[in-house]
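The values are calculated or read from the model by the stated rules, or taken from the named source; none is laboratory data. Keep in mind that this is a model prediction, so the values were computed, not measured. A quick note on method: Cβ atoms are made from the backbone with ideal geometry, for glycine too, and the neighbour counts reach across all protein chains shown.
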Amino acid sequence: MSYNGASRRPHRVVIVGGGFGGIEAARKMKRANVDVTVVDRRNHQLFQPLIYQVAAGVLSAGDVASPIRAMLKRQANASVLMAEVTDFDIERRQVVLDRGDRLDYDSLIVACGGDTSYFGHDEWQEVSCGLKNLGDALDLRNRIFGAFEEAERADDPAARDEWLTFVVVGGGPTGVEIAGQLAILPRHAMQRDFRRIDPRAARVILLDAGDRLVSAFSERTSATAADELADLGVTIRERAMVTGIDSRGVDVSNGENTERIATRTVVWAAGVRVAGVAATLARAAGAGTDRAGHVEVNPDLTLRGHPEISVIGDAAKLAGTDGKPLPRLATEAIQQGRHVAKAIRNGQAGASTPFRYFDKGALAVIGRGKAVCEVRGHRLWGLPAFLMYITVHLFYLGGVGGRRLAVIVMMVGTWFGARENRVIEGELASIERSATADQPVAQG
């Protein structure tokens, strides 16, 4: 039965997660006869593709994040709650929040995104830097600029080398982008800042367990990315499996050979797992999940037996028309949010037609006006790809506080190095990592 314009009360829609997919779904229901409640444990939407620029000091936190309330303030039928979802009462159609309060829903959209995965070695979190949220980015910024300060004070050459060695684990787009920016900083932005050290002596080592970087791209594009990074001075180690991380270095296995890399700064960009609330939903609804926690959904994004519950974005397990898993990009989440919202606008509890993903390509910036790009079989690299990267982000950043100027700042900063956002929060001692996890553990 259609409820838009016909029912006595608006249809109640609860959206768990204020990321790209969740906010897009909410916005597309602006003129529908629905009451939308967006629940997120943080008060902002993060523009994830530019978070590494915050870590590198090119952008400030406010350039890549916007309060969810501000994004929906002109939408009278939408409200926002900063809360954590702890459970779902499927029978009563209620979402349970962290203080025990409950939200009734007629339609539920779970768009919870993902968290950093350490592949069963959560102890590594204590001695490395993730890059998934604003807190991670600000912590890494402290670590990066603090490392140069520590090197300036070090009398022992070995200790100085440790501070000037940066290891990035993970050869996906995030790893490639932060590695490129780390190489740019000392060579093009900090060369005159110190008196006892030469920042250009800093080493950036990128470790990837696979056969090639950015494996989602074609082999030719992966090779181009590797060449561009090498030109910036990044040392690339492929087929390098991390077996241990502690506060003084990384243990790496490459076949039968093992290696110890002495470093004080390890950036973890190797894995993502679905946020825990997805597993909570799966247990409550009796839905299946894969090893990474992705929830199995019908082709229309609903849960089997629960047409009123939709799962979108990183949390959903769904294959494309070619049978391969969808790429879990922001563009996918946005399209899925629109798909579900359209059905609800039309009077349904959730979508009933299969979701069809329109592939808009993939991008990764290398640095200094260089990037790689693949769009529907077409390859771009170098400056043309970088300009494509800028254009895409100018479009999408309009949804994050309208801060398109941030992309221009990023462009200049990427070319010439960060200049303004090098503040270290706290004293120098605060960047030291705990030694409690200093016992390497073999990777299973």
Filter result for V267 (under 21 Å from the mean Cα position of the chain (by Cα), over 23 Å from A179 (Cβ atoms) and crowded, with 18+ Cβ neighbours inside 10 Å): no
Residue match in region 232-245 (condition: free of Cβ contacts under 8 Å to residues at least 40 places away in the same chain and part of a loop (DSSP other than H, G, I, E, B)): yes
Region 299-334 - residue that is modelled with pLDDT under 95 and of a type in the set (D, E) and, of those, farthest from the chain's Cα centre (by Cα): D322
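In region 195-204, is there at least one residue being assigned by TED's automatic domain parsing to the domain that holds V169, surrounded by 22 or more Cβ atoms within 10 Å (Cβ to Cβ) and among the hydrophobic types (A, V, I, L, M, F, W, C)? Lay out the reasoning, then the answer.
So in region 195-204, the residues assigned by TED's automatic domain parsing to the domain that holds V169 come out as 195-204.
Subsequent filtering for residues that are surrounded by 22 or more Cβ atoms within 10 Å (Cβ to Cβ) retains 202, 204.
Filter again for among the hydrophobic types (A, V, I, L, M, F, W, C), leaving 202, 204.
Within region 195-204 (the criterion being assigned by TED's automatic domain parsing to the domain that holds V169, surrounded by 22 or more Cβ atoms within 10 Å (Cβ to Cβ) and among the hydrophobic types (A, V, I, L, M, F, W, C)), the answer is yes, since at least one residue qualifies.
So is G100 outside the structural domain of S310 (by TED's automatic domain parsing) and under 30 Å from S310 (Cα atoms) or not?
Values: outside the structural domain of S310 (by TED's automatic domain parsing): no; under 30 Å from S310 (Cα atoms): yes.
It is false that G100 is outside the structural domain of S310 (by TED's automatic domain parsing) and under 30 Å from S310 (Cα atoms).
Look through region 279-327, keep the residues that are charged (D, E, K, R) and surrounded by 15 or more Cβ atoms within 10 Å (Cβ to Cβ), and return whichever of them is nearest to D115 (Cα to Cα). Before you say what the answer is, go through the steps one by one.
First, pick out the residues of region 279-327 that are charged (D, E, K, R): 283, 290-291, 296, 300, 304, 308, 314, 317, 322, 324.
Narrowing further to those that are surrounded by 15 or more Cβ atoms within 10 Å (Cβ to Cβ): 296, 300, 308, 314, 317.
Working: E296: 18, D300: 25, E308: 26, D314: 10, K317: 16 Å.
This residue is D314.
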Wholly enclosed strands (runs of 3 or more DSSP E) of region 56-117 bearing at least 1 residues crowded, with 21+ Cβ neighbours inside 10 Å and modelled with pLDDT of 95 or more: 78-82, 85-89, 94-97, 107-110
Matching residues in region 187-221 - criterion: being touching a residue at least 40 places away in the same chain (Cβ under 8 Å), part of a helix (DSSP H, G or I) and more than 19 Å from A56 (Cβ to Cβ): R220, T221
Identity of the residue in region 213-241, crowded, with 22+ Cβ neighbours inside 10 Å and within 13 Å of R368 (Cβ to Cβ), that ends up modelled with the lowest pLDDT: E228
Residue check for V168: crowded, with 23+ Cβ neighbours inside 10 Å and not in a helix (DSSP H, G or I): yes
Those residues of region 31-55 which are of a type outside the set (A, V, I, L, M, F, W, C), in contact with a Leu (Cβ under 9 Å, 6 or more places away or on another chain) and surrounded by fewer than 24 Cβ atoms within 10 Å (Cβ to Cβ), in sequence order: T37, R42, H44, P49
Residues of region 342-368 that turn out to be among the hydroxyl-bearing types (S, T, Y) and within 30 Å of R379 (Cα to Cα), as a count: 1
Of all residues in region 126-135 being of a type outside the set (V, I, T) and more than 17 Å from V274 (Cβ to Cβ), the one that is surrounded by the fewest Cβ atoms within 10 Å (Cβ to Cβ): G135
Pair list, Cβ under 9 Å, 6 or more apart: region 265-282 residue in the same structural domain as E162 (by TED's automatic domain parsing) and without any contact (Cβ under 8 Å) to a residue 40 or more places away in the chain, other residue crowded, with 19+ Cβ neighbours inside 10 Å and of a type in the set (G, A, S): none
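For region 288-313, enumerate the residues that are under 20 Å from V13 (Cβ atoms) and either free of Cβ contacts under 8 Å to residues at least 24 places away in the same chain or not hydrophobic (A, V, I, L, M, F, W, C) (or both). Lay out the reasoning, then the answer.
So the first thing to find is which residues in region 288-313 are under 20 Å from V13 (Cβ atoms), and the list is 295, 297-298, 300-303, 305-313.
V297, N298, D300, T302, L303, G305, H306, P307, E308, S310, G313 - these are the residues of region 288-313 that are under 20 Å from V13 (Cβ atoms) and either free of Cβ contacts under 8 Å to residues at least 24 places away in the same chain or not hydrophobic (A, V, I, L, M, F, W, C) (or both).
Just to be sure, is I178 crowded, with 18+ Cβ neighbours inside 10 Å and touching an Asp or Glu at 6+ places or on another chain (Cβ under 6 Å)?
Values: crowded, with 18+ Cβ neighbours inside 10 Å: yes; touching an Asp or Glu at 6+ places or on another chain (Cβ under 6 Å): no.
Judged against the criteria, I178 is not a match.
Of everything in region 335-382, what is surrounded by fewer than 19 Cβ atoms within 10 Å (Cβ to Cβ) and modelled with pLDDT under 85? Give them in sequence order. Reasoning before the result, please.
At the first step, the residues of region 335-382 found to be surrounded by fewer than 19 Cβ atoms within 10 Å (Cβ to Cβ) are 338, 342, 345-347, 352-354, 356-362, 369, 375-379, 382.
Result: D359, K360, G361, A362, G369, V375, R376, G377, H378, G382.
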